[in-house]
Every structure is written in structure tokens, then in C-alpha cells.
Amino acid sequence: MAFLDAEGRVVDCDARFAELLRALVPGAPSADALTGRPLAELLHRPEFSPIHRHLSSPPRSAESEAFLLAGRGFAVRLVAWDHPRPERAVVLERLHAADLEDDADELRDQLAMRDELLAAQQLLITALVAPIIPVFDGLVAVPFVGALEDESLERIIERLSDTVSLGSARTVVLDLTGVTQTDDSAGDGLSRLHRTLSMLGAELVLTGVGAELAEILCDAELPALTIRKSLEAALRAHLQRASKIQPPGPSAVISKPTSRAPPASAAARKDDA
């Protein structure tokens, strides 16, 4: 333990405090050399900033603050009082293995929650950047907005694979009119998307391809892709093709009525007359 005056200078400390302080701050002075020195100047590194702010401010009555130095295996407790004069005591403790394990478990839980939150945010961003919109029976449109990069294409491939395999979509129209930025990986990503959908029995149609992306697609080794000028053109072509392959409906055959021949007996009576 160490005792500080109102200005944060060490008034007295024991050998245990000095020993633990040297473990925290290599090169820290001994107990005798600490007397009269501001403790805050020894705790100037970023990990000590919460403690440094408290030591740099005047002590408040009945103040008690605890700080856990994550990853360092130490805890620091500051206790202040104002009788008979404003002073502060600093207690420095080395944590036990059980305390460190509890701290590590808490840190792992926090990291897991952060990873889950980031994953959920990525799914939401992808759903907003590239929504999958059913348009007709067997056709979905995917208007893409933003940077067309390898990471975004991987997420699109994953979502479209689930959509095609679980649904009845046979045609996927990927509209790239809203692409703001692209790189050389876009050609390989679109090729993977085309192969994946083909293996699932669906056709990929690209629309709204800009000049920069057109150059990338020309340089990439891509299979034969169906490319339309716009989303409207792709939908019109789909409707025309669907009307041609649609089986004809039932029809009726109407014949022109013919004159009936007179009965044989009536014809014989006419000859006898």
C-alpha cells in the first residue's frame, strides 16, 4: 500500500507496493526512492490512463475506485478520505489464477458477443446492398448498390445459393447499375457466381454493366454470360421467352354444317311417281 498527499505525491509506501509497482512498470524506484514523487508520472502509459486521471485530480471524500488491468494480472484500488486532511491510499494487488480465469472468461464472452453483432450487421448490410426480390415465377432480381468487391460477392453467392436451392428460382438477374467501385477480383467473383448458379440449375443474367466493369469482364476468363442493357430489358426478354415456351391452351374445332341427304325410302317414292 502507498499513501499519497493531496497533490498525488507518495508520502509513504511499503516494500510490497514497490515490488509490485516494479513488476508493472520496469525500472520503477524502490520504496525509499518513491517518497516525494508523484505516482502519476510513473503510470503514464495508455493502459494506466484511467488511474492517471484519478491521481491527477484532487481526492474526493469517501472515493473508492477499482481498476482491473486486463492482461496484466493486477488490480489497483484507490481509496480517498478527507480527515484530518485530504489524502489517498493506493492498494496494488496481484490477482490470483482464479481471478485471471474469470477475467479471461468474461473477455471471451465479450469478444463472442462482438463477433455475433458484427456478423448480424454484415448480414443486414448485405441485405440492404443487394436485396433479393422475387419478380416473376422462377425469376428473382438482385439490384446491387455499392463497391463490387470479392467480399461482397462472396456474401451474394452464399445468399443466392440458399435462395435457388430452397426455392424455385431458375433465373437470377443481377443488376449492376448501382455499382460505385470495383476491382480486378470482380471478374473472378462473377465467374464463381455463374458456375455456382449453373450447378444449381439456374441462369445468371447481368444488367447495367458499366464501362469499367466491362473491361474487367473482357480480361477475365468467363464462360458465356447473358448480359442485357438494363433490368427492364432483361425482364422483357424473360417474358418474351416465357410466352414462346408456354404450352397452348385447349381449343375447339368448329366445322361448317353440310346439307343432309334425303332418306332412301323418300327417294324411291319420288321415282315411282
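Look at segment 226-239: where a residue is assigned by TED's automatic domain parsing to the domain that holds residue 177 and a partner is assigned to a helix (DSSP H, G or I), sitting 6+ places away or on another chain with Cβ atoms under 6 Å, you get 228/234. Between a first residue in segment 21-46 that is touching a residue at least 40 places away in the same chain (Cβ under 8 Å) and a second residue that is assigned to a loop (DSSP other than H, G, I, E, B) and surrounded by 13 or more Cβ atoms within 10 Å (Cβ to Cβ), which pairs have beta carbons less than 8 Å apart while being 6 or more apart in sequence or on different chains? Taking only residues 6 or more apart or on different chains, the pairs are 21/28; 24/72; 39/8.
Residue-by-condition table, conditions (1) in contact (Cβ under 8 Å) with a residue 24 or more places away in the chain; (2) outside any strand (DSSP E or B):
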{"site": "120", "(1), (2)": "no, yes"}
{"site": "135", "(1), (2)": "yes, no"}
{"site": "146", "(1), (2)": "yes, no"}
{"site": "156", "(1), (2)": "yes, yes"}
{"site": "161", "(1), (2)": "yes, yes"}
{"site": "187", "(1), (2)": "yes, yes"}
{"site": "192", "(1), (2)": "yes, yes"}
{"site": "204", "(1), (2)": "yes, no"}
{"site": "214", "(1), (2)": "no, yes"}
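Test residue 175 against the stated conditions and say whether it is at pLDDT 80 or above, under 18 Å from residue 146 (Cα atoms), in contact with a Ser or Thr (Cβ under 8 Å, 6 or more places away or on another chain) and among the charged types (D, E, K, R). Give the derivation first.
Numbers: at pLDDT 80 or above: yes; under 18 Å from residue 146 (Cα atoms): yes; in contact with a Ser or Thr (Cβ under 8 Å, 6 or more places away or on another chain): yes; among the charged types (D, E, K, R): yes.
Spelling it out, residue 175 is indeed at pLDDT 80 or above, under 18 Å from residue 146 (Cα atoms), in contact with a Ser or Thr (Cβ under 8 Å, 6 or more places away or on another chain) and among the charged types (D, E, K, R).
Checked against the criterion of being over 23 Å from the mean Cα position of the chain (by Cα), within 17 Å of residue 227 (Cβ to Cβ) and hydroxyl-bearing (Ser, Thr, Tyr), the candidates 198, 168 yield just one match: 198. Hey, can you tell me all the residues within segment 163-185 that are crowded, with 16+ Cβ neighbours inside 10 Å and either part of a strand (DSSP E or B) or not assigned by TED's automatic domain parsing to the domain that holds residue 231 (or both)? Listed by number, the residues that qualify are 171, 172, 173, 174, 175, 176, 179, 182. Across segment 1-20, the number of residues qualifying as aliphatic (A, V, I, L, M), modelled with pLDDT of 80 or more and crowded, with 17+ Cβ neighbours inside 10 Å comes to 2.
The values are calculated or read from the model by the stated rules, or taken from the named source; none is laboratory data. The model shown is predicted, which means the values in this text are computed figures rather than measured ones. Ideal geometry is used to build each Cβ from the backbone, glycine not excepted, and the neighbour counts take in all protein chains shown.
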